[in-house]
1. Can you tell me which residues in region 151-166 are open to solvent by 60 Å² or more (accessible area, probe 1.4 Å) and touching an Asp or Glu at 6+ places or on another chain (Cβ under 9 Å)?
2. Six or more apart or on different chains, Cβ atoms under 9 Å: show the pairs whose first residue is in region 152-169 and without any contact (Cβ under 8 Å) to a residue 60 or more places away in the chain and whose second is open to solvent by less than 40 Å² (accessible area, probe 1.4 Å) and of a type in the set (S, T, N, Q).
Amino acid sequence: LGIINQSTSLGMMRDMFKDANWESAMEIRLNRDVEGLAKKATGAGKQAKRGVRFLEDLYQAEDDFFKIVAYEKELNRYSKAYFGKSKGELSPEELGEIEQVVANNVKNIYPNYSRVGGIFKKLRRNPFVGNFVSFRAEVFRNTFNTVDLAFNEMKSDNPELRKLGAKRMAYATTYLGAKN
């Protein structure tokens, strides 16, 4: 449903190397150097690449873990709000009805690199701004979407969704108040 493998840092790094010529040139150069060292060190370069990939996967897994937990938690909340039962008790039709809603909620209220706007993707190329601008854009997007979702839930005809919205707004307000 597009929730995982959306790491902000790794995605920005990959796109940065794709977008700008000097970054691409540097990536090509580094790859050649690694390949040259690999030939000289009989497999050490391959091990280094595997090590880097392992660390990237580990970072991605940590990022994905929290999104999966959030998805499961939201799925259970919405299952109870819509159908009065836990997610494990839902029929395939009931589950299908709320899966996309829940996935969109998670993608909107958790950092998701694929949703960073075009202007911010362009701004990050500036060496003085870098990836920081995309991170800050995600903070604002997530905060706005959390409050917006809470308002929409509180306006629902479903009393259980109204309760969820009130709790979400209380959490958001507490967070924003503590942050300032």
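The values are calculated or read from the model by the stated rules, or taken from the named source; none is laboratory data. Small disclaimer: the values here were computed from a predicted structure and weren't measured. Heads up, the Cβs are rebuilt from the backbone with ideal geometry, glycines too, and the neighbour counts pull from every protein chain shown. The area values use the complete protein model at the heavy-atom level, side chains included, leaving out ligands, DNA and RNA. Shrake-Rupley method; radii C 1.70, N 1.55, O 1.52, S 1.80 Å.
1. 162, 163
2. 162/156; 165/156; 168/146; 169/146
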